[in-house]
Amino acid sequence: MRGDAITKGAAVWLSVLGLSGPLVGCEPPGYGGGTGWVGEGRVALSWTLNGVPLSQESCQKERISSMNLLIVSDYDGNQNIEFLNVTCGLDRFSAAMAPTGPVRILVDGIFDLGGGRTCRRYSGQATAYATTQYPATPVPVPLRAVSGCP
């Protein structure tokens, strides 16, 4: 199954990345402070466990209710997009409105504990280069188990 997202959200994971502001000395030529290129990027992802994309069955087996994604520009940590409650069992997730250029992608596999509580069972990250066209092949994001979630 494939998923697409075209909505933009606010990032809350910058403190995890240690990014509190723009990265200095990493700006591309013609950067211009974030105008003209932010929000035009497209990336395609597949989250994998042991090298295999997750299916609906494997998500249930691993107790993953949904996925949370954060895509952050390597040029400016303030340029980012977040997707919450994404379907787990996808072989490809296409995200629009990402920053263009090199990006860092963080994915968390979330388990719903009930009563409005969740915990992170799996986590992974990858790097990619977002352009104005979707890539033919999705970027694999390898997931690893996170301790502390029942």
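The values are calculated or read from the model by the stated rules, or taken from the named source; none is laboratory data. Computed from a predicted structure; not experimentally measured. Every residue, glycine as well, gets a Cβ built from its backbone with ideal geometry; the counts of neighbours run over all protein chains shown. Only protein heavy atoms, including side chains, enter the accessible area calculation; ligands, DNA and RNA are left aside. Shrake-Rupley method; radii C 1.70, N 1.55, O 1.52, S 1.80 Å.
Take the residues of the stretch 133-144 that are open to solvent by less than 80 Å² (accessible area, probe 1.4 Å) and hydrophobic (A, V, I, L, M, F, W, C): which is nearest to LEU106 (Cα to Cα)?
By that ranking, first place goes to VAL141.
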State all residues of the stretch 72-93 that are among the acidic types (Asp, Glu), surrounded by 18 or more Cβ atoms within 10 Å (Cβ to Cβ) and under 14 Å from VAL139 (Cα atoms); if no residue qualifies, say none. none
Identity of the residue in the stretch 83-118, more than 22 Å from SER55 (Cα to Cα) and of a type in the set (D, E, K, R), that ends up nearest to the chain's Cα centre (by Cα): ARG104
Checking the structure you have, find out if any residue of the stretch 111-120 is β-branched (Val, Ile, Thr) and within 16 Å of SER66 (Cβ to Cβ). yes
(1) open to solvent by 10 Å² or more (accessible area, probe 1.4 Å); (2) more than 12 Å from SER46 (Cα to Cα); (3) hydrophobic (A, V, I, L, M, F, W, C) all hold for ALA96 apart from (1)
Pair list, Cβ < 8 Å and 6+ apart or interchain, from the stretch 114-132 residues that are open to solvent by 30 Å² or more (accessible area, probe 1.4 Å) to residues that are among the hydroxyl-bearing types (Ser, Thr, Tyr) and at pLDDT 95 or above: THR118/SER65
Hey, among ASN85, ASN80, ASN68, which residue is within 17 Å of GLU40 (Cβ to Cβ), polar (S, T, N, Q) and out of contact with any Gly (no Cβ under 7 Å at 6 or more places or on another chain)? ASN80
Taking only pairs six or more apart or across chains, which ones have beta-carbon atoms under 7 Å, a first residue in the stretch 86-99 that is on the phi > 0 side of the Ramachandran plot and in contact (Cβ under 8 Å) with a residue 12 or more places away in the chain, and a second residue that is part of a strand (DSSP E or B) and crowded, with 17+ Cβ neighbours inside 10 Å? MET97/ILE81
